[in-house]
Amino acid sequence: MMRYGGLRAFAVAGLLAASMPAFADGAGFPYTDENCGVTTTYDAPPARAVTLSNNATEMMLALGLEDRMAGTSYMANLKISPQYEEAYNEVPVLSPLVATTEQLIEVEADFVYAGYPDGFSESRHTRDQLHDLGMKTRLNTEGCNLGKFGFDELYAEIRSVSAIFGVRERGEALIADIEKRLAAVEEDLKGADAIPVFIFNGGEAAPRAVLGNTMLSHVVSRAGGENIFGDVANRYGQVSWEQIAERMPEYVVVYYSGTAGGQVVGDPAGELGQGRIEILKANPTIGDVPGIVGERFVTIDSVWGQPGPSSIDAVEKLARAFHPERMGE
């Protein structure tokens, strides 16, 4: 059965289209959004939204909100997921990096949505500074999360964004599709043993790991893996090569974004994805680790690795890698 693949994008598009009423600016408003310590009241849906990260962009597009977007940013040279490409091409790209305050002012943004905490910072613009300019803001809650983050928290994010834009039905349709796909993976993996997985986030002298309080760690677990550093209650952090050797992961998820040192990378998949694999293969301390010996590497870029509608695509990809004998195609 062709459970996963290109036909799914069309099926999901049809499901969402069927639940997409015309915008009713008075429906569900005023709406008060409680987000990462910031309370914002919306009297009507935003009309000129700008996204500051790829997962925020995909969230907006998955909810059919491209006509409410004045721009996107911070995709670098990564690619939008195929099912959102057509809609993405309708929205101006303001910058391959985080859009500047000046760019937000120029497009008259009234809502600024970041999927990563560095979208709002002292070096760029804080949320308070944007509020003073008349722009409402939201941060994906993984960015201010102090505990575990998973699909339940992602569903809450979807519901909040869909409520802000007055499209709650679309949000529920998106959640229903994700839940259906998760249930299918769960059924295929029933009874399978969890496979130890190291999630590598770069670093040569000292490795950086994706830790337990991230969506990607949760995605690995839903795909039939177990993050070897999932017991560390943080999002990202430095570990040691010796710790990796001791924990003997059978697979390595190589995680990368589209930037390095604050600059856009020309070929992220090659320079960062494959480049990080070469770092792992060249390190003698982890030379006996099963995942390294067997070259069992799976690359995940930040479009799928950060919490958003493509988190389910990441689950399916990783489940097929970890348990190929169980996954239906």
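The values are calculated or read from the model by the stated rules, or taken from the named source; none is laboratory data. Remember, predicted model here, so these are calculated numbers, not experimental data. Here the Cβ positions follow ideal geometry from the backbone for every residue, glycine too, while neighbour counts run over all protein chains shown.
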Q.
Here is a list: Gly225, Gly230. Which entry is farther than 11 Å from Phe200 by Cβ, in the same structural domain as Val289 (by TED's automatic domain parsing) and in contact with a strand residue (DSSP E or B) (Cβ under 7 Å, 6 or more places away or on another chain)?
A. Gly225
Q: Note down all Cβ pairs under 8 Å where the first residue falls in segment 68-96 and is surrounded by fewer than 19 Cβ atoms within 10 Å (Cβ to Cβ), the second is among the polar types (S, T, N, Q) and assigned to a helix (DSSP H, G or I), and they're at least six residues apart or on different chains.
A: Ser95/Gln103
Q: Would you mind stating whether Met59 is farther than 26 Å from Gly261 by Cβ, in contact with a strand residue (DSSP E or B) (Cβ under 7 Å, 6 or more places away or on another chain) and not assigned by TED's automatic domain parsing to the domain that holds Val264?
A: no
Q | Matching residues, segment 153-167, being surrounded by fewer than 20 Cβ atoms within 10 Å (Cβ to Cβ) and more than 14 Å from the chain's Cα centre (by Cα) | A | Ala156, Arg159, Ser160, Ala163
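Would you pick out the residues in segment 237-259 that are under 20 Å from Pro307 (Cβ atoms) and either modelled with pLDDT under 95 or surrounded by 18 or more Cβ atoms within 10 Å (Cβ to Cβ) (or both)? Before the answer, list the steps.
As a first pass, look at segment 237-259 and keep what is under 20 Å from Pro307 (Cβ atoms): 237, 253-259.
Those that are under 20 Å from Pro307 (Cβ atoms) and either modelled with pLDDT under 95 or surrounded by 18 or more Cβ atoms within 10 Å (Cβ to Cβ) (or both): Val253, Val254, Tyr255, Tyr256, Ser257, Gly258, Thr259.
One line per residue, one yes/no per condition, for (1) free of Cβ contacts under 8 Å to residues at least 60 places away in the same chain; (2) out of contact with any Lys or Arg (no Cβ under 9 Å at 6 or more places or on another chain):
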residue	(1), (2)
Val112	no, no
Gly115	no, yes
Asp118	yes, no
Ser123	yes, yes
Phe149	no, no
Ala156	yes, yes
Val161	no, no
Q.
Return the pair list, or none, for Cβ contacts closer than 7 Å from residues in segment 183-204 that are in the same structural domain as Val253 (by TED's automatic domain parsing) and surrounded by 15 or more Cβ atoms within 10 Å (Cβ to Cβ) to residues that are among the basic types (Lys, Arg) and assigned to a strand (DSSP E or B), at least 6 apart or on different chains.
A. Asn201/Arg208; Gly202/Arg208
